[in-house]
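Input: a single structure, listed below in structure tokens.
Where a number appears in this text, it was derived from the coordinates with a stated rule and is not lab data. Since this is a predicted model, take the numbers as computed values, not measurements. Cβ: placed from backbone, ideal geometry, glycine included. Neighbour counts: every protein chain shown.
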Amino acid sequence: MKYENFINFDFFDFHTHSNTLGNKIFKIYSHDINNFQIQKDTYFSIGIHPWFIEEKKIDESFTLLEDHLNMNRCIAIGETGLDKIRGADFELQKIVFQNHISLANLYNKPLIIHCVKSFDVLLNLIKKTPPTEKCIIHGFNKNYELAEVLLSKGFILSFGALLIKDVRLQKIIQSLGADTFFLETDDATQTIKEIYDFVAKLKGISVEELAESQRKLYLSIFNKLIIG
Ligand SMILES: [Zn+2]
């Protein structure tokens, strides 16, 4: 699948764990380093998710991660990030996340970030280890104020199926330009088409216009990475 083909796709799913191939859907399949199965004809991201950090195997995990970063279809690093509710020891999560930033800078790949109840720490860590590539918060489900702070720091927000029932998220999306956020299914049961339909209606634009805006943002970040 070459970049040219993406132009023909109707929907872009920024972040998904679903390996079913939809013929109108262009997606970034999210791998965890401990569970890597190459998906045919799919671009992917790979990282060490804060839930699945194994302290004893951490050096091994990073070696494995770097091996995969050299693969053609790897176009982003992640999920990585911080989770105060679940996962490895929080101090270890911080170190692992900072290492992901360094790798993103080294390999010139955008970062896909999972962040739960840790945005203050996240903002501190990016001061210590500034990312040179785009950082995308996936599954954003917080408030307008936080969205503004993150956008002002250059983050991109990606919204999932939750927005279909969350009025607060709907208000945020309404205030954003259609080429400034991504949409994703993650592990939801809704399809990316259902999410597109909902967002297009919410913003009073056609699905085609939304798709065009999504392509524009996609290309501004990923175009240089698509090599075959
Ligand atoms: Zn995910």
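Some observations on this one:
- Among SER175, GLY160, THR132 - extreme Cα towards positive end, dipole of the chain, charges at beta-carbon: SER175
- Cβ-based exposure ranking for ARG215, ARG168, in which fewest neighbours within 10 Å come first: ARG168, ARG215
- For the cross-link pairs LYS56/LYS216; LYS84/LYS153; LYS24/LYS203; LYS84/LYS134; LYS153/LYS203; LYS57/LYS216, the ones whose C-alpha atoms lie over 31 Å apart are LYS56/LYS216; LYS57/LYS216.
- For LYS216 and LYS24, the FRET efficiency from 1/(1 + (r/R0)^6), where r spans their Cβ atoms and R0 equals 22 Å, is about 0.75.
- Placing a pseudo-label 7 Å from each Cα along the Cα-to-Cβ vector at LYS128 and ASN8 gives an inter-label distance of 4.8 nm.
- Given charges at beta-carbon only (K, R positive; D, E negative), |dipole| of the chain in Debye: 400 debye
- Considering only beta bridges that DSSP places wholly inside the chain, some 0 percent are antiparallel.
- Convex hull volume per residue, computed on the Cα atoms of the chain, equals 113 Å³.
- Separation between Cα centres of segment 99-132 and segment 169-187, rounded to whole Å: 21 Å
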